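Asker: The structure's right below; bear with me while I get my questions together.
Please treat every number below as a calculation from the coordinates, not as lab data. Bear in mind that the values here come from a model prediction, so they are computed numbers and not experimental data. Don't worry about glycine lacking a Cβ; one is built from the backbone with ideal geometry, like all the others, and counts go over all protein chains shown.
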Amino acid sequence: MPGDRPPGEAAGMTINTGSTAIEVERLSKRYGRKIAVDDVSFTVAEGEIFGLLGRNGAGKSTTVDCIVGLRTPDQGRIRIAGLDPRTDRRELRQLLGVQLQESQLQDKLTVAEAMRLYASFYRRPADIDRLLAMLDLTDKRDTRYRKLSGGQKQRLSIALALIGQPRVAVLDELTTGLDPVARRDAWRLLDDIRNSGVTILLITHFMTEAERLCDRVAIMRDGRIAALGTPAALGTPTLEDTFVALTDRVPADLTLTDETPTNETLTDRRPR
């Protein structure tokens, strides 16, 4: 069950901290005069679930869009499994699975048709029947998309993100709109996915989800990373308390890392 292991702890999966799956270095992106992402840097180890948290407008979606190659950053360096999303796009498609927040399919498309369509994009796709069974969608294979429940649509979006057998999966607001039971089912699926060796970048608004699933999290505010560390290290007394403090009351130029003593006043850690 989802609550059977400590929050943020890999369920039987050893993180390869010596190998990096995602590298983001000094990423910046602006739209006209608005700075959406401002000098953001972080790394994600192979086998890790890394959470990207922040309020609406904090810069999460723009950061993700740059990471997966949907937007071109104004400056900075991004690597996914050593590949540049801008110059190695074709090869990266074979290694990266993406489920975006606004993912939609044609209403008349069946589950099996969607799976076959997406499988055709990859050189070595996963076995469709096995993937549908893993996501509890076997009995829905001939069901049209419009007939699926919210939880079933989310599970299908995960299946489509995994059909290419990716090394890295980016999952954006995966459980938004799901009821508590469907959300916990999705958590269990993420455990299974990570245990199969897939590195996950998870974008979420739910602090309990981040505490339950993520090995480390980054909290964004005003296009910057305001905090970076394990949920346990940042959560004083809970991750939600830290999130509210950093995104609602603390000035944007204050940052917190897991090396910062959480019982002391936060200080500006940017170089002066």
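Asker: Net charge around Lys29, counting only other residues with Cβ within less than 14 Å of its Cβ (Lys, Arg = +1; Asp, Glu = -1)?
Answerer: For residues surrounding Lys29, the net value is +3.
Asker: Answer rounded, prolate or oblate for region 107-211, using the Cα gyration tensor with square roots of eigenvalues a ≥ b ≥ c: rounded when a/c is under 1.5, else prolate when a/b is larger than b/c, else oblate. Write out the running numbers ahead of the final one.
Answerer: On the way: a/c = 1.92, a/b = 1.22, b/c = 1.57.
Oblate shape, in that a/c is at least 1.5 and b/c is the bigger or equal ratio.
Asker: Check the straight Cα-Cα distances from Lys108 and name the aspartates and glutamates below 20 Å, setting aside those fewer than 8 residues away within the same chain.
Answerer: Partners within reach: Asp139, Asp142.
Asker: Restricting to Cα pairs below 8 Å that are 6+ residues apart, what does the relative contact order work out to for region 105-165? Please round to a whole percent.
Answerer: Numbers: 64 pairs, mean separation 32.0, N = 61.
RCO, region 105-165: 53 percent.
Asker: Going Cα to Cα from Lys29, which lysines come in below 16 Å? Please leave out same-chain ones fewer than 8 positions away.
Answerer: Lys60
Asker: Please give, to one decimal in nm, the separation of the simple spin-label points placed at Gln75 and Glu240, each 7 Å out from Cα toward the Cβ.
Answerer: 3.9
Asker: Mind listing the long-range amide H neighbours of Leu52? Cut-off is under 5 Å, sequence gap 5 or more, other chains count too, H placed in the peptide plane at 1.01 Å from N.
Answerer: Sorted by chain and number, the residues that satisfy this are Leu202, Ile203, Thr204, Ala218.
Asker: While we're on this one: Give me the net charge of Leu201's neighbourhood, meaning all other residues with Cβ under 15 Å from the Cβ of Leu201; Lys, Arg count +1, Asp, Glu -1.
Answerer: -3
Asker: Just to confirm a number: summing +1 for Lys and Arg and -1 for Asp and Glu over residues other than Leu132 whose beta-carbon lies under 13 angstrom from that of Leu132, what do you get?
Answerer: Summing Lys/Arg as +1 and Asp/Glu as -1 gives -1.
Asker: With just the Cα atoms of region 201-243, tell me how far they stretch along each of the three principal axes, in Å, largest first.
Answerer: The Cα atoms of region 201-243 stretch 25, 22, 15 Å along their principal axes.
Asker: Also: Taking N as the number of residues in region 105-165, what is its alpha-carbon radius of gyration divided by 2.2 N^0.38 Å?
Answerer: 0.99
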